1. Pairs of Cα atoms under 8 Å, at least six residues apart: use those to get the relative contact order of the chain, whole percent.
2. Relative contact order, percent, of segment 91-167 when contacts are C-alpha pairs under 8 Å separated by at least 6 residues?
3. First select every other residue whose beta carbon is under 11 angstrom from the beta carbon of residue 40; then total the charges, Lys and Arg +1, Asp and Glu -1.
4. Report in % the part of the accessible area of the chain that belongs to carbon and sulfur, leaving out ligands and nucleic acids; probe 1.4 Å.
5. Under a point-charge model restricted to the Cβ atoms of Lys and Arg (+1) and Asp and Glu (-1), what is the dipole moment magnitude of the chain relative to its Cα centre, in debye to the nearest 20?
6. If you count only protein heavy atoms with a 1.4 Å probe, what accessible area per residue comes out for the chain, rounded to a whole Å²?
7. Over the chain, how many pairs of lysines fall under 27 Å by alpha carbon, counting only those 8 or more apart in sequence or from different chains?
8. Looking at the square roots a ≥ b ≥ c of the eigenvalues of the Cα gyration tensor of segment 90-222, which shape do they give, rounded for a/c under 1.5, prolate if a/b is larger than b/c, or oblate?
Amino acid sequence: MDVKIEQSWKDALSEEFGKPYFESMVRLLHQEKAQGKVIYPPGGAIFRAFDLTPVDQVKVVILGQDPYHGPGQAMGLSFSVPDGIPAPPSLKNIFREIEQDLGIRMSGRPNLENWARQGVLLLNSVLTVLAGEPASHSGIGWQQFTDAVIRYLSANREGIVFLLWGRFAQEKAPLIDPAKHHILTAAHPSPLARGAFFGCRHFSKTNQILLSEGKTPINWQL
């Protein structure tokens, strides 16, 4: 199956694209679109995280759950929304933690493409959603695909910092080789976690790890 995705990922994941689960998932998405259902993000943005962060450039992985399900929000990057869209509550809390952790001022700009271009893979576990129906595509095959992404990075790269926020993300830890990579865990930045995310200092810790490995740290300021 020909999938429009950045070439290094196309090569890395070529086996997945030919598997029955992936082909049936694509058929389902086409059927739902033909039925007039609205799917987020738009088709061209489904693999945006991969397009902005090729395999050999991945330094950090921030794992989200599924895309935002409101109009204009989902853009193919976990936690990110386009410029001009109000920052969702979890993203506001991420910015607050960055300000406290690094002592910098965030603009509030909600578009995280600049992080992605620096090597932060903003990966949702599920890559599509029906409008107004959170987690509506959580059982159609995306998790099998994104688990394969995590396994591939674990096996073929070294020294990646995986930021696993909340129980859902932390359940992916067994896919990662801790002898080769760095796993940082924290509560989810959602307000539902009642502030437990604050004080994790994952942004300064990530940069300390990258510096210790001779890599350029992430400029988190937006």
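1. Values: 372 pairs, mean separation 51.3, N = 222.
Contact order relative to length: 23 percent.
2. Working: 27 pairs, mean separation 12.4, N = 77.
Relative contact order comes out at 16 percent.
3. On the way: positive: 37; negative: 66, 133.
Neighbour charge sum, excluding residue 40 itself: -1.
4. Details: 5140 of 10160 Å².
Looking at the chain in its full context, I get 51 percent from C and S.
5. Numbers: 22 positive and 21 negative charges, 99 e Å.
Dipole magnitude for the chain comes out near 480 debye.
6. Numbers: 10160 Å² over 222 residues.
Averaged over the residues of the chain, the accessible area is 46 Å².
7. Lysine pairs meeting both conditions in the chain amount to 27.
8. On the way: a/c = 1.64, a/b = 1.11, b/c = 1.47.
Oblate, because a/c is 1.5 or more while a/b does not exceed b/c.
The values are calculated or read from the model by the stated rules, or taken from the named source; none is laboratory data. Since the structure is predicted, the reported quantities are computational estimates derived from the model, not experimental observations. Neighbour counts are summed over all protein chains in view; Cβ atoms, including those assigned to glycine, are modelled from backbone coordinates with ideal geometry. These area figures cover heavy atoms from the full protein model, side chains too; ligands, DNA and RNA do not enter into them. Shrake-Rupley method; radii C 1.70, N 1.55, O 1.52, S 1.80 Å.
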